[in-house]
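Everything below concerns the one structure shown next.
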Ligand code: SAM
């Protein structure tokens, strides 16, 4: 039976890959990746020379059909994203749903677990409570205010991904909606300038005003529940 492997890859430090992920990537007939140049850096580090094909958010439905046809022929395929776990705020869900629907139990869909920025950030946050709600990337316009209201009312940890371009705007909204709540920002995890900062939203606004050099890289934002 053919297998579609969903393979997690590092979120910064290239050492953060499992033995099994390397084994699987070396064994498959094809590796689907978002940006072939990004993935080739990882593959060459581990001397993996399997063929790659791009599969990203803008890929056409016919590409999914091509992948389904290959699985149907018995080819084993791995899906990776640029970083972290595929299908978590990354492409993959549609492909996986279509493979499941069209091939059913003729194909295995198997996770090769590993890094995810979300879980890495939660693991170092020190936030307690156990349950959390993950919003992925917040919408830029429609629905954005509703999410801040939901976060304000939630007793769960709220988690989302943010870009350096929008972090200030997001913190301003948090100042407005939850001025007293503790917020943790996990930045550049596993990379050279890794940083975890915590404070109220206005303390974090002040921090980034006085440290403009820190408004870069990749961010996970966690808000404690009330
Ligand atoms: N699927 C990935 C995962 O499981 O981590 C997430 C992909 S999403 C397109 C990319 C976002 O994840 C970034 O914009 C940032 O918010 C977050 N992220 C990725 N790597 C990170 C890192 N090393 N440190 C902090 N946040 C990171």
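Every number here is computed from the coordinates shown, using simple stated rules; none is lab data. As the structure is a computational prediction, the values presented were derived from the model and not from experiment. Methodologically, a virtual Cβ is constructed for each residue, glycine included, from the backbone with ideal geometry; neighbour enumeration extends over all protein chains shown.
As I understand it, the value is the acute angle between the Cα axis of helix 93-103 and the longest principal axis of the Cα atoms of the chain; what does it come to in degrees, rounded to 10?
30
Expressed as an acute angle from 0 to 90° and rounded to the nearest 10, what is the orientation of the C-alpha long axis of helix 167-177 relative to the principal long axis of the chain?
Relative to the chain, helix 167-177 is tipped by roughly 50 degrees.
Expressed as an acute angle from 0 to 90° and rounded to the nearest 10, what is the orientation of the C-alpha long axis of helix 36-45 relative to the principal long axis of the chain?
Long axis of 36-45 versus the principal axis of the chain: about 80 degrees.
Taking the Cα-to-Cβ direction at residue 163 and at residue 140 and moving 7 Å from each Cα, how far apart do the two end points lie in nm?
0.7
Which residue fluctuates the most in the chain, going by a Gaussian network model with Cα springs under 10 Å, if the choices are 119, 167, 11?
Largest GNM mean-square fluctuation: 119.
Can you grab the distance from the C-alpha centre of the stretch 142-188 to the C-alpha centre of the stretch 111-136, Å, no decimals?
Taking the Cα centre of the stretch 111-136 as reference, the centre of the stretch 142-188 is 16 Å away.
Which residue, 156, 192, 108, has the most motion in a Gaussian network model of the chain that connects Cα atoms within less than 10 Å?
Maximum among the listed residues: 192.
D for the stretch 49-103, whole µm²/s, Stokes-Einstein with Kirkwood Rh over alpha-carbon pairs at 4 °C and 1.567 mPa s: what number?
Answer from the Stokes-Einstein relation: 110 µm²/s.
Quickly estimate the mean residue ellipticity at 222 nm for the chain, helices only: each DSSP H run with n ≥ 4 gives -39500 (n - 2.57), and the total goes over all residues, rounded to 500.
Helix contribution divided over all residues of the chain: -10500 deg cm²/dmol.
Any idea what the alpha-carbon Rg over 2.2 N^0.38 Å comes to for the stretch 1-56?
Relative to the rule-of-thumb radius for its length, the stretch 1-56 sits at 1.05.
Diagonalise the Cα gyration tensor of the stretch 100-159 and give the resulting equivalent ellipsoid semi-axes, square root of 5 times each eigenvalue, largest first, whole Å.
Semi-axes, largest first: 30, 19, 11 Å.
What length, rounded to one decimal in nm, is gained on full extension from residue 123 through to residue 20, with 0.36 nm per residue of separation minus their alpha-carbon distance?
The residue 123-residue 20 span can extend by a further 34.8 nm.
How many Å³ per residue does the convex hull of the Cα positions in the chain occupy?
137
Please provide three numbers in whole Å: the alpha-carbon extents of the stretch 121-226 along the principal axes, with the largest listed first.
34, 29, 23
So for the stretch 2-112, considering every pair of alpha-carbon atoms, how many percent are separated by more than 24 Å?
16
Of 45, 187, how do they rank once you tally other Cβ atoms within 10 Å and put the fewest first?
Going from sparsest to densest Cβ surroundings: 45, 187.
Find how much the distance from residue 153 to residue 89 grows on full extension, using 0.36 nm per residue of separation minus their present alpha carbon separation; answer in nm with one decimal.
20.7 nm
Provide the three semi-axes, in whole Å and in decreasing order, of the ellipsoid equivalent to the stretch 47-172 as defined by the square roots of 5 times the Cα gyration tensor eigenvalues.
34, 17, 15
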